[in-house]
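Chemist: Here it is: the structure, laid out below.
The values are calculated or read from the model by the stated rules, or taken from the named source; none is laboratory data. Treat the numbers as computed from the prediction; the structure is a model and nothing was measured. Here the Cβ positions follow ideal geometry from the backbone for every residue, glycine too, while neighbour counts run over all protein chains shown.
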Amino acid sequence: MDTLDNLKQIKKLDKGKVLESIEMLGEQINQVLQEFNKIKIPSSYKQIDKIVVNGMGGSALGPHIIRSIFFDQFKLPFGIVGGYELPASLNQKTLYIISSYSGDTEEPLSTIAAAQKKGAKIFVITSGGRLADLVKAGKLVGYVFAAPFNPSKQPRMGLGYSLGAQLALFKKLNLIKVSSQEIEKSLLVLDKLQTQFGIYNKTSKNLAKQLAKKLKDKIIIVVAAEFLAGNAHTLANQFNETAKTFSGYHLISELNHHLLEGLTFPKSNKSNLTFLFFESSLHHPRNRTRFKITKQVVTKNKIGPLTYQLTSHNKLSQALEMLLFGAYLSFYLAILNRVNPAKIPFVNYFKIQLKKYR
């Protein structure tokens, strides 16, 4: 039996319930959209001239995806920072979003006092911890969610909460235009794709399983463009954490100005590297041409290019399609690598060591 069709073996490795979280991506988003209607946001939060989001790791992926999808709609500067310091431009007209799944992430927590001193309009997105306490005490404005649809408890597997909350927030503040019908239609697409990529669809008919096999024992370079840039960032993160596989991402057309000359050495690139391209008919015509030529250059360097063609009807649905496909892809690669997809031993080791230096 094919490893990726062996349900017993998969469940044995997936002790952290990552698969269940992937299967409930749509439910995560739906939960947020329903709950967000009850969130009261001060009217002053519409009087802003810039957006800044602070989040680390999985908690930063949602804003990257949303910023990329609605790049052509945001009329205000939209910055994403990850760290202990705030940009000098942060002031009373800044919507400052703190995204922390746990609510205890050290870096964004350390910025709260400075952000308040600058008069920034702070909005928190979290599931618990100190941030949730501050929101519940009325000291900060925000959205605190329970996460019944993320049994893995891993932020990167609960992206529906972060992504959905920011989608709902920006919609409520009239910063983007997206109808409820459009969102519902995109979520219906997710339901159909669950069957296509899911565990019960055999490898012979499942592109996610097929590509995972081709990616095994490779360093993976994810390539995307335009509105899928945030998804590329996300997928590289999931390859790292879920599949324990070295991966990075590059974007068309920026990579055409430097990366193509970096494929020659080391000579092991031919056997170690794989480029994974995500293409869309919604891309700018010139970028579609760039994808074609870039793959030619990769092939000339004897590095195997792999391609996934997005098929959904608009930018939002294609971003969700890539998010779901990537989640399954990294999950299946973890199974092929015979590792628990949920465990992050070295990240946890790092956090433990860091606490010793306080």
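Chemist: Being touching a helix residue (DSSP H, G or I) at 6+ places or on another chain (Cβ under 9 Å) and hydroxyl-bearing (S, T, Y) is the filter here, so list the residues in the range 293-336 that pass it.
Modeler: First, pick out the residues of the range 293-336 that are touching a helix residue (DSSP H, G or I) at 6+ places or on another chain (Cβ under 9 Å): 293-294, 297-298, 301-308, 310-336.
Those that are touching a helix residue (DSSP H, G or I) at 6+ places or on another chain (Cβ under 9 Å) and hydroxyl-bearing (S, T, Y): T294, T307, Y308, T311, S312, S317, Y328, S330, Y332.
Chemist: So which residues in the range 99-121 are in a loop (DSSP other than H, G, I, E, B) and either among the basic types (K, R) or touching a Ser or Thr at 6+ places or on another chain (Cβ under 8 Å) (or both)?
Modeler: Here is the first cut: in the range 99-121, the ones in a loop (DSSP other than H, G, I, E, B) are 101-105, 110-111, 118-120.
Matches in the range 99-121: Y101, S102, G103, T105, K118, A120.
Chemist: Still on this structure: Would you mind finding the one in Y96, Y101 that is more than 15 Å from F170 (Cβ to Cβ) and touching a helix residue (DSSP H, G or I) at 6+ places or on another chain (Cβ under 9 Å)?
Modeler: Working: Y96 fails: more than 15 Å from F170 (Cβ to Cβ).
Exactly one residue qualifies, and that residue is Y101.
Chemist: Now, a different point. So P63 passes all but one of these: (1) over 19 Å from the mean Cα position of the chain (by Cα); (2) crowded, with 21+ Cβ neighbours inside 10 Å. Which condition number does it fail?
Modeler: Status for P63: all satisfied but (1).
Chemist: Here is a follow-up. Considering only the range 298-333, how many residues are under 17 Å from F275 (Cβ atoms), part of a helix (DSSP H, G or I) and of a type outside the set (A, V, I, L, M)? Step through it out loud before you land on a result.
Modeler: Initial filter on the range 298-333 (under 17 Å from F275 (Cβ atoms)): 298-310, 322, 325-326, 329-330, 333.
Of the ones still in play, those that are also part of a helix (DSSP H, G or I) are 298-300, 322, 325-326, 329-330, 333.
Remaining after also requiring of a type outside the set (A, V, I, L, M): 299-300, 325-326, 330.
Final tally of qualifying residues: 5.
Chemist: If you check every pair at least six apart or on different chains, which have Cβ atoms under 8 Å apart with a residue in the range 287-303 that is of a type in the set (D, E, K, R) first and a residue that is surrounded by 12 or more Cβ atoms within 10 Å (Cβ to Cβ) and in a helix (DSSP H, G or I) second?
Modeler: R290/N256; K302/K270
Chemist: Here's something else I'd like to know. Cβ contacts < 8 Å: first residue over 21 Å from P345 (Cβ atoms), restricted to the range 241-265; second residue surrounded by 13 or more Cβ atoms within 10 Å (Cβ to Cβ) and of a type in the set (S, T, Y), any location; separation 6+ or different chain. Result?
Modeler: I252/T294; L255/T294; N256/T294; L260/T294
Chemist: Could you list, in sequence order, all residues of the range 225-275 that are touching a Lys or Arg at 6+ places or on another chain (Cβ under 9 Å) and either within 18 Å of E321 (Cα to Cα) or not assigned by TED's automatic domain parsing to the domain that holds A208 (or both)?
Modeler: A225, E226, F227, L228, A229, G230, T234, N237, Q238 - these are the residues of the range 225-275 that are touching a Lys or Arg at 6+ places or on another chain (Cβ under 9 Å) and either within 18 Å of E321 (Cα to Cα) or not assigned by TED's automatic domain parsing to the domain that holds A208 (or both).
Chemist: Would you check which residues across the range 307-324 are surrounded by fewer than 18 Cβ atoms within 10 Å (Cβ to Cβ) and in contact (Cβ under 8 Å) with a residue 40 or more places away in the chain and list them? Please lay out each step first, then the result.
Modeler: Taking the range 307-324 as the starting set, the residues that turn out to be surrounded by fewer than 18 Cβ atoms within 10 Å (Cβ to Cβ) are 307, 309, 311, 313-314.
Of everything in the range 307-324, those that are surrounded by fewer than 18 Cβ atoms within 10 Å (Cβ to Cβ) and in contact (Cβ under 8 Å) with a residue 40 or more places away in the chain turn out to be H313, N314.
Chemist: Further question: Could you check the range 225-266 and list, in sequence order, the residues that are buried (at least 22 other Cβ atoms within 10 Å of the Cβ) and among the acidic types (D, E)?
Modeler: E241
Chemist: Further, regarding this structure: Considering only residues that are of a type in the set (G, A, S) and in contact (Cβ under 8 Å) with a residue 40 or more places away in the chain, which ones fall in the range 86-102? Before the answer, list the steps.
Modeler: So in the range 86-102, the residues of a type in the set (G, A, S) come out as 88-89, 99-100, 102.
Listed by number, the residues that qualify are S99, S100, S102.
The rows are residues; the columns are (1) surrounded by 20 or more Cβ atoms within 10 Å (Cβ to Cβ); (2) in contact (Cβ under 8 Å) with a residue 40 or more places away in the chain.
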{"site": "Y161", "(1), (2)": "yes, yes"}
{"site": "Q166", "(1), (2)": "yes, yes"}
{"site": "F170", "(1), (2)": "yes, yes"}
{"site": "Q196", "(1), (2)": "no, no"}
{"site": "K202", "(1), (2)": "no, yes"}
{"site": "K205", "(1), (2)": "no, no"}
{"site": "A208", "(1), (2)": "yes, yes"}
{"site": "K214", "(1), (2)": "no, yes"}
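Chemist: Among the residues that make up the range 310-328, is at least one of them more than 30 Å from A168 (Cβ to Cβ) and modelled with pLDDT of 95 or more?
Modeler: Start the filter on the range 310-328 by keeping residues that are more than 30 Å from A168 (Cβ to Cβ), which leaves none.
No: zero hits.
Chemist: Okay, moving on. With the requirement that a residue be among the aromatic types (F, W, Y) and either free of Cβ contacts under 8 Å to residues at least 24 places away in the same chain or not assigned by TED's automatic domain parsing to the domain that holds M157 (or both), what does the range 1-42 give you?
Modeler: Step one: list which residues in the range 1-42 are among the aromatic types (F, W, Y), which gives 36.
Those that are among the aromatic types (F, W, Y) and either free of Cβ contacts under 8 Å to residues at least 24 places away in the same chain or not assigned by TED's automatic domain parsing to the domain that holds M157 (or both): none in the range 1-42.
Chemist: Going by the structure shown, is V124 surrounded by 14 or more Cβ atoms within 10 Å (Cβ to Cβ) and in a strand (DSSP E or B)?
Modeler: Numbers: surrounded by 14 or more Cβ atoms within 10 Å (Cβ to Cβ): yes; in a strand (DSSP E or B): yes.
Here the answer is yes, as V124 does meet what is asked.
Chemist: Now a separate question. Touching a Phe, Trp or Tyr at 6+ places or on another chain (Cβ under 7 Å), more than 15 Å from A165 (Cβ to Cβ) and not in a loop (DSSP other than H, G, I, E, B) - does that describe any residue in the range 135-153?
Modeler: No, the conditions are met nowhere in the range 135-153.
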